[in-house]
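Down below is the structure, laid out as structure tokens.
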Amino acid sequence: MEKPQRSYNMKEIKAYHCDYCNKYSSSKSTMSRHEKRCYHNPETKACATCSKLYQDRIPDDVIDGAFYDLPHCKSGIILTHEFRVELKHHCPSWELKTDDHEARQG
């Protein structure tokens, strides 16, 4: 017995990709706006590209043997509020991570 052929209605679309993270958008203006505030864009001086950001592995009190990563800033800036991580933009203490800088130069 022969299987019926399936018809796929696939469309080619034009998408715009953020140069700093893995986000895509079908709108050029949306992607342009996103790139200006992307946490991985060094120009925003955000936590994700800062050399002072580090993670602490904290044991989970609810799940035995589980851990979660909690971001901290070596400058003492608080990055959590009511169990939510709040990364910052335009930080006066920001310093570029050397590995990010070298990767962009190469």
Q. Only one of these conditions is not met by residue 51: (1) in contact with a strand residue (DSSP E or B) (Cβ under 9 Å, 6 or more places away or on another chain); (2) among the small types (Gly, Ala, Ser); (3) loosely packed, with under 14 Cβ neighbours inside 10 Å. Which number is it?
A. (3)
Q.
Would you confirm whether or not the stretch 26-35 contains a residue that is assigned to a loop (DSSP other than H, G, I, E, B) and within 30 Å of residue 12 (Cβ to Cβ)?
A. yes
Q.
With the requirement that a residue be in contact with a Cys (Cβ under 7 Å, 6 or more places away or on another chain), assigned to a loop (DSSP other than H, G, I, E, B) and either β-branched (Val, Ile, Thr) or under 17 Å from residue 70 (Cα atoms) (or both), what does the stretch 40-58 give you?
A. 52
Q. Hey, among 60, 56, which residue is in contact (Cβ under 8 Å) with a residue 12 or more places away in the chain, out of contact with any helix residue (DSSP H, G or I) (no Cβ under 8 Å at 6 or more places or on another chain), surrounded by 10 or more Cβ atoms within 10 Å (Cβ to Cβ) and assigned by TED's automatic domain parsing to the domain that holds residue 99?
A. 56
Q | Within the stretch 63-106, considering residues that are small (Gly, Ala, Ser) and at pLDDT below 80, the one surrounded by the fewest Cβ atoms within 10 Å (Cβ to Cβ) | A | 106
Q. Is it the case that some residue within the stretch 83-95 is touching a Leu at 6+ places or on another chain (Cβ under 8 Å), without any contact (Cβ under 8 Å) to a residue 40 or more places away in the chain and either in a loop (DSSP other than H, G, I, E, B) or of a type in the set (Lys, Arg) (or both)?
A. yes
Q) Does residue 51 qualify as being more than 27 Å from residue 24 (Cβ to Cβ), at pLDDT 85 or above and under 16 Å from the mean Cα position of the chain (by Cα)? A) yes
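The values are calculated or read from the model by the stated rules, or taken from the named source; none is laboratory data. Predicted model, so just to flag it, every value in this text is computed and none were measured. Ideal geometry is used to build each Cβ from the backbone, glycine not excepted, and the neighbour counts take in all protein chains shown.
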